[in-house]
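The values are calculated or read from the model by the stated rules, or taken from the named source; none is laboratory data. This is a predicted model, so every value here is computed, not measured. All Cβ positions, even for glycine, are placed from backbone atoms using ideal geometry, and neighbour counts span all protein chains on display. These accessible areas exclude ligands, DNA and RNA; they are computed on the full protein's heavy atoms, side chains included. Shrake-Rupley method; radii C 1.70, N 1.55, O 1.52, S 1.80 Å.
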Amino acid sequence: MNEKIFSLPIIEQISPYLSRRQLGELPILVISHPKVRAAISLQGAHLIAWQPAQEHPVFWVSEASLFTPGVAIRGGIPICWPWFASAGTPSHGFARILPWEFSAHTEQDDGVLITMTLKESQQTQKYWPHPFTVIARFKLGATCEVELESYGDYEATAALHSYFNVSDIDNVSVTGLGSHYIDTVADKEVYTDETSLRFNGRTDRLYTEPDDFNLIHDDGWDRTIEVHHYHHSDVVCWNPGAELASSMKDMSTGGYRKMACVETARIHQPLKPDNVHPGRLSLVVRVRKNIAEK
């Protein structure tokens, strides 16, 4: 998918490193910088690619995604807001299926900064009655920094639903998740002394006492992805496994083997009503080779 994105025809060259292109029926912003390649869909302010120089793509996107208005993209970093999962309709909120405004950008020697905004409208009022402003900021270079900032008088849950690109799900383990989680598949609460998670079949866990950062160890590519969480209360780990994946229309054949979701989230401690100070959720991702902590 990455090479397909970067080979798309340029519709508008916005600046030396930034262009507008079209993926399916969706407009996207493409960053081609000496330090990084990346892409963001204007629908959902959805980061669909980030690849530092000399690295494998860090985020996974399904080859079966439709890239159609109003349909969520499978992969990258969907912004789940103002609710997570089935707490409302549509699932994971409306922010990921509506067009955002491309508000600003800055280009530097070490990367590109992009700002996007979503505000209440007639469209959003169909789903939610509250006035609001949500700002998504992306700092894309050798590291990937994503910040979600929301203003308004309401309570909300949210997640940066990151799909990480891996060599094979059997090669992957995740550390720093803490000792307590809700197992959604088994419908039970679990206390554990396990120091790492391996994805053995369908996995859907809400970790409520996570560390401030997790390490995704990928033995197949001999790399470790650092995922640093800020303003979070939870980390969600998800992989659909073979059976569920086979029933998902937007999951490419065998795609579940190439992705692992480790998500920065505010679920059991929602963002509180506040008209002055923003509710924030953010993550920083970096890639390391030959890490010793295994």
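Just to be sure, is Y191 in contact (Cβ under 8 Å) with a residue 24 or more places away in the chain and open to solvent by 60 Å² or more (accessible area, probe 1.4 Å)?
So Y191 fails the test.
Checking the condition β-branched (V, I, T) and part of a loop (DSSP other than H, G, I, E, B), which residue from V174, V134, V185 passes?
V185
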(request) Keeping to region 60-82, report how many residues are in a loop (DSSP other than H, G, I, E, B) and among the hydrophobic types (A, V, I, L, M, F, W, C). (result) 8
(request) Hey, can you tell me all the residues within region 194-214 that are open to solvent by 20 Å² or more (accessible area, probe 1.4 Å) and not in a strand (DSSP E or B)? (result) E194, T195, N200, G201, R202, T208, E209, P210, D211, D212
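Determine, yes or no, whether Y163 is out of contact with any helix residue (DSSP H, G or I) (no Cβ under 7 Å at 6 or more places or on another chain), at pLDDT 95 or above and closer than 22 Å to I225 by Cβ.
So Y163 fits the description; yes.
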(message) Quick test for you: out of A186, A142, A158, pick the one residue that is within 16 Å of H228 (Cα to Cα) and either hydrophobic (A, V, I, L, M, F, W, C) or modelled with pLDDT under 95 (or both).
(response) A142
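A quick yes/no check of all residues on (1) of a type outside the set (F, W, Y); (2) open to solvent by 10 Å² or more (accessible area, probe 1.4 Å):
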site: T124; (1), (2): yes, no
site: P129; (1), (2): yes, yes
site: F132; (1), (2): no, no
site: T143; (1), (2): yes, yes
site: A159; (1), (2): yes, no
site: D168; (1), (2): yes, yes
site: S173; (1), (2): yes, yes
site: G176; (1), (2): yes, yes
(request) Being hydrophobic (A, V, I, L, M, F, W, C) and farther than 24 Å from P90 by Cβ is the filter; apply it to region 100-151 and report the residue that is farthest from the chain's Cα centre (by Cα). (result) A104
(message) Would you confirm whether or not region 122-131 contains a residue that is assigned to a helix (DSSP H, G or I), modelled with pLDDT under 95 and over 19 Å from P278 (Cα atoms)?
(response) no
(request) Starting from residues that are in a strand (DSSP E or B) and among the polar types (S, T, N, Q), keep the ones in region 215-243 and report whichever is nearest to V146 (Cα to Cα). (result) T224
(message) Among the residues in region 44-59, are any within 18 Å of M116 (Cα to Cα) and assigned to a loop (DSSP other than H, G, I, E, B)?
(response) yes
(request) Please give the number of the condition F67 fails out of (1) at pLDDT below 95; (2) under 17 Å from the mean Cα position of the chain (by Cα). (result) (1)
(request) Mind listing whichever residues of region 83-113 are open to solvent by less than 20 Å² (accessible area, probe 1.4 Å), outside any loop (DSSP other than H, G, I, E, B) and closer than 22 Å to Q125 by Cβ? (result) A95
(message) I need a count of the residues in region 249-284 that are open to solvent by 30 Å² or more (accessible area, probe 1.4 Å), at pLDDT 95 or above and assigned to a loop (DSSP other than H, G, I, E, B).
(response) 3
